[in-house]
1. Show me, for the range A:52-66, the HN-Hα J-couplings you get by feeding each phi into the Karplus relation (A = 6.51, B = -1.76, C = 1.60, θ = phi - 60°), rounded to Hz, glycine and proline as x.
2. Counting Lys and Arg as +1 and Asp and Glu as -1, what is the net charge of the other residues whose Cβ lies under 11 Å from the Cβ of A:Thr210?
3. Once each part is reduced to its C-alpha centroid, what is the distance from the range A:210-229 to the range B:9-24 in angstrom?
4. Can you tell me which of A:27-40, A:581-594, A:354-367 comes out highest on packing, and rank the rest after it, using the mean Cβ neighbours within 10 Å?
5. Compute the long axis of helix B:95-114 from its Cα atoms, compare it with the longest principal axis of the Cα atoms of chain B, and write down the angle in degrees, 0 to 90, nearest 10.
6. Pairs of Cα atoms under 8 Å, at least six residues apart: use those to get the relative contact order of the range A:398-506, whole percent.
7. Report the trypsin sites (Lys or Arg not before Pro) located in the range A:206-275 that are in a DSSP loop and have at most 10 other Cβ atoms inside 10 Å of their Cβ, or state none.
8. If the elastic network links every pair of Cα atoms under 10 Å, which of B:Thr89, B:Thr49, B:Thr58 fluctuates the most in the Gaussian network model of chain B?
Amino acid sequence: MALLQISEPGLSAAPHQHRLAVGIDLGTTNSLVATVRSGSAACLPDDDGRTLLPSVVHYGADQTVTVGHAAQKRQNQDPANTIVSVKRFMGRGLTDVADAATPYRFVDEPGMLKLSTVAGIKSPVEVSADILKALRFRAEQSLGGDLVGAVITVPAYFDDAQRQATKDAARLAGLNVLRLLNEPTAAAIAYGLDNASEGTYVVYDLGGGTFDVSILELTRGVFEVRATSGDSKLGGDDFDHRLYCWILEAAGLSQLNDRDARLLLTKARQAKEALTDHATTQVTAKLSDDSVIDVELTAEIFQQITDHLVQKTITPVRRALRDARLTADDIKGVVLVGGATRMPHVRRAVAQLFGKPPLTNLDPDKVVALGAAMQANVLAGNKGDDDWLLLDVIPLSLGLETMGGLVEKVIPRNSTIPTARAQEFTTFKDGQTAMAIHVLQGERELVTDCRSLARFELRGIPAMVAGAARIRVTFQVDADGLLSVSAQEQSSGVQASIVVKPSYGLSDDEIGRMLSDSMAHAGDDLEARKLAEARVESKSIVNATLAALEQDGDLLNADERQAVDAALAAAQAANAGSNANLIRTAAEALNQASGDFAARRMDRAVSRGLAGHKVSDF
Amino acid sequence: MNFDFAQSHFALFELPTSFALDRARLDARYKALQTEYHPDRYASHDDATRRLSLQIATRVNEAYQTLKSPLARGRYLLTLAGVDTEEETNTAMPMDFLMAQMEWREAIGDTKASRSVDALEALNRDLAQETDALTQELGALIDDDRDYPAAAMAVRKLRFLEKLHEEIGDAIEAVLF
Ligand SMILES: Nc1ncnc2c1ncn2[C@@H]1O[C@H](COP(=O)(O)OP(=O)(O)OP(=O)(O)O)[C@@H](O)[C@H]1O
Ligand SMILES: [Mg+2]
């Protein structure tokens, strides 16, 4: 409907061709999309005015994909096909999540884990792509055009496999990635530019699934990350889980089925959030065997049983300070980001460490998306007056496997990116034409303690005597923190070819297959778009009718009123379903049913207008 | 985008080719260069331009890191002068230096065992003093005396001290984290 596509004044018809770009905070728990319009960043809401999109995806047996609040509602009935916190699985193998209690059926194969759903086997990359698609759709609807690109945020502590998986997901969702931006850096942009601050700041970001800390130095227009650290397996979810265990114990229960477990985890999360503002809360739940859990919980107990988790965040903070060669006294301010930093004992711990209360003046849920939108705006070429430069670092050292299962560091952690390092290798057998290289990421000395990123096989080395060939392998880390490798034989100049086997990533073939799959489903996306449009249109007719009834309901006699009410109910019912044609038909019927009513209202409005005026006024 | 990949790091930073360094100018020029060449400036350009900006920004970072560190700067100046520092191959160190090294290793080993961060930090401070003295010597050998063989020896010595510094750092982290 034309009426709903009115865009912000000056946006679509901007004089300098404003290029539509968005920032996306792809969170463990919640995701957001934001953009800069008329010079200021704002999060884009859905049709119901909500900016947070729960990072939940439900897969139906009929191949329907539901994302966000609607998917969240299915969580308790259909836990196995409702994927929550998928970010925790990005670029991860099955053994990495072995300890986490989840209701999912994992597919046992090497490399990145996969989930088995009624709609087929899904890689975490595909699930994330479904979340990104929903946000892209939201943005395109509300901005009224195609996006030139997006900045997607990732935890600063994400390793190469996790970053690559995020970028692949964006590609799958049809987004042009302008940049992967570290979440704390995005938050700093949102803060720094608003407050025109200079000095050294700490960004402490405790979200649903990840913990990040970055130390940034802000000088005129330059954001320089001095050090970053964190724990990509620590967040609000862990507080829920600890509380869940406590509730089980308090209720004298041991093992629960998937549905009850999901229900109780949800209850635990609600209790945790309630205790941020209240001293006590009641946890009540009815399990599938009709037994009832009803326990009281105090903030004091909650803080006691989760204190070790708060302490677990302090170590990376100290490590980052040490890496930056700073002490807590050198820090001008601490910015809190992430929903879990609302917990009072987290705030207390941070305040105590730095000897000053943290800054909380921006909404911790939105600040990352806002900063990403500001960066997207700059990267898309919509230059403002004040431009800034971001100098970020690689969070974890990159190394190579050497003799005896040891790792030799090639690029140390906290090196400013982009960066590159070349290393020379030689053959150890006469006539050797191939060699294997194993790339790892992490700080430990043993291969088994670091994360395997990829195995490279160099082929086509010219046959020479042992030790004569000199192969120069170059490791390049780009501004997104992503690694690429190239190799050349020095004496002959032969470009050795590289066969990459990402340890936890998707191969190019797999990405290709997924892309063509999603092309095949492009029809579905079109359907989804039609459905959304139909819903929006129907909703506006329903709302207009409701408002009219409220104001001028007396114009209708009982029969007429009944007819309008019936059409109204039918339109609302159709809207709750997902049949676009039905929604349109019902909305049209409502329009017809209230046609007469509208005419009478018009008459009344006119006569009211006339009553107050003399004829000569017209 | 114009960039001369053949120029020296000093030329890139518009600094004189010497060990003595104006740190404030280095930092200011670094920010100016990244402001001009960083990939974020070219995010919506074509692939070739983006790749070029990535290569330039990478070079700028490498040059900055090289000039910032006294050891790397000394090594780089010697390379420019055509002198190989032979850090991997030449292990012939003066006797007194080797004795001092052994003492350092013993001290680090003992302090490690005590797991005292304070003691390790104290050791680090002593080491920093020695490193500073040797750095000054290196500067004079390069800038004033132009005695490159002696300078190469000083670089090799500094490399030893840097390894000790890393070892103490690792020990401190092992206690703290
Ligand atoms: N009032 C509150 N008190 C305590 N915790 C809260 C409150 N509000 C939200 N949270 C918690 O914050 C977490 C979600 O935070 P946020 O939305 O910042 O995470 P995310 O961005 O999705 O995750 P991540 O950044 O780790 O990927 C959840 O664990 C949620 O329970
Ligand atoms: Mg977050």
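The numbers here are math on the coordinates, done by the rules we state, and not lab data. Computed from a predicted model, the values in this text were never measured in an experiment. Counting neighbours? That spans all protein chains shown, and the Cβs are built from the backbone with ideal geometry, glycine included.
1. 6, 10, x, 7, 10, 10, 10, 10, x, 4, 8, 6, 6, 10, 10
2. On the way: positive: A:Lys87, A:Arg88, A:Lys233; negative: A:Glu183, A:Asp205, A:Asp212, A:Asp231, A:Asp237, A:Asp238.
In short, -3.
3. 27
4. Working: A:27-40: 21.8, A:581-594: 18.6, A:354-367: 17.1.
Most protected by this proxy first, the peptides run A:27-40, A:581-594, A:354-367.
5. Computed tilt is about 80 degrees.
6. Working: 243 pairs, mean separation 30.0, N = 109.
Contact order relative to length: 28 percent.
7. On the way: sites: A:Arg220, A:Arg226, A:Lys233, A:Arg242, A:Arg259, A:Arg262, A:Lys267, A:Arg269, A:Lys272; in loops: A:Arg220, A:Lys233.
Counting only loop positions with at most 10 other Cβ atoms within 10 Å, the trypsin sites (Lys or Arg not before Pro) in the range A:206-275 are A:Arg220.
8. B:Thr89
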